[in-house]
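Report on one structure; see the data block that follows.
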């Protein structure tokens with residue numbers, strides 16, 4: 001094993017990884033230890049779900065990430081190595097929406113609530129739970145037509161306000177919502193923008209989010225399993241019609257949820273060759 005690690009560390013990476021703004025990269029590494037350091041965060045290397053002698057690092061690429069070439073640094077007990085990375089841009093679409101003006105420019109008396117909810121969400125998403133609750137591929141929370149993809153630039157009542165941080169599933173009438181994977185319910189609450197909201201902690205920095213709900217079937221602290229019914233869809237919060245907004249957060253960063261699910265689920269299908277890197281020590 002030691003010789004194998006030395007050989008892996010000595011490889012020259014002729015082709016580095018490519019990432020795209022708003023997506024995530026999953027690095028496969030020859031050892032489940034150490035830390036990946038990027039320019040804006042440190043990512044713990046985790047054990048591979050089907051190959052325990054290998055490691056993985058899930059690296060979210062911010063929607064507004066700087067484009068171009070850079071290097072990730074993998075600091076492990078055996079060596080410090082560089083992994084080349086290129087960030088490219090995706091031409092996301094633009095959506096024009098009409099909503100209640102109070103939800104675009106909230107009344108002053110609601111600003112304290114909005115800020116309190118923002119800080120609460122930030123604290124949740126930036127917390128790293130050192131436990132992996134998921135042990136199988138992720139599923140969609142709802143199997144209906146997608147009405148709005150992740151990443152669309154959103155213009156509300158003629159003013160560009162944000163980008164779409166999740167995926168919207170059609171739900172014209174209340175439909176049961178499934179947990180995308182095992183985890184702990186960390187929030188079940190009515191919120192100004194997202195309406196009825198449930199957040200599930202899947203461990204190791206991964207959270208799933210379910211917005212605009214009309215009913216909760218779980219409470220904070222509940223352990224849920226993949227496929228459990230956690231709520232009914234609805235039309236609460238800032239919304240133009242009934243639907244489910246589904247999002248995923250990784251290490252405090254919004255990531256395209258369906259892209260992330262696809263990449264995580266691939267880990268259960270095949271064992272990828274560990275990533276090659278440039279040794280620096």
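Residue by residue, here is whether (1) within 30 Å of residue 75 (Cα to Cα); (2) buried (at least 21 other Cβ atoms within 10 Å of the Cβ); (3) assigned by TED's automatic domain parsing to the domain that holds residue 109; (4) modelled with pLDDT of 95 or more holds:
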site	(1), (2), (3), (4)
170	no, no, yes, yes
183	yes, yes, yes, yes
187	no, no, yes, yes
195	no, no, yes, yes
207	yes, yes, yes, yes
227	no, no, yes, yes
230	no, yes, yes, yes
258	yes, no, no, yes
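Evaluate the range 33-53: report whether one residue or more is at pLDDT below 90 and touching a helix residue (DSSP H, G or I) at 6+ places or on another chain (Cβ under 8 Å).
Looking for residues that are at pLDDT below 90 and touching a helix residue (DSSP H, G or I) at 6+ places or on another chain (Cβ under 8 Å), one finds none in the range 33-53, hence no.
Pull up the range 231-270, narrow it to residues that are in a loop (DSSP other than H, G, I, E, B) and under 10 Å from the mean Cα position of the chain (by Cα), then point me to the one that is nearest to residue 97 (Cα to Cα).
Ranking the qualifying residues of the range 231-270, first place goes to 256.
Quick one: is residue 137 in contact with a helix residue (DSSP H, G or I) (Cβ under 7 Å, 6 or more places away or on another chain) and at pLDDT 95 or above?
Judged against the criteria, residue 137 is a match.
Every residue in the range 119-145 that is closer than 15 Å to residue 194 by Cα and within 17 Å of the chain's Cα centre (by Cα), please.
121, 122
Would you point out which residue out of 80, 144 is assigned by TED's automatic domain parsing to the domain that holds residue 18 and surrounded by 13 or more Cβ atoms within 10 Å (Cβ to Cβ)?
Checking each option against the conditions leaves just 80.
Could you identify the single residue in 198, 186 that is outside any loop (DSSP other than H, G, I, E, B), without any contact (Cβ under 8 Å) to a residue 60 or more places away in the chain, within 30 Å of residue 47 (Cβ to Cβ) and touching a strand residue (DSSP E or B) at 6+ places or on another chain (Cβ under 7 Å)?
198
The values are calculated or read from the model by the stated rules, or taken from the named source; none is laboratory data. Just so it is clear, the model here is predicted, and its values are computed rather than measured. As a convention, Cβ positions derive from the backbone with ideal geometry for all residues, glycine included, and neighbour counts pool all protein chains shown.
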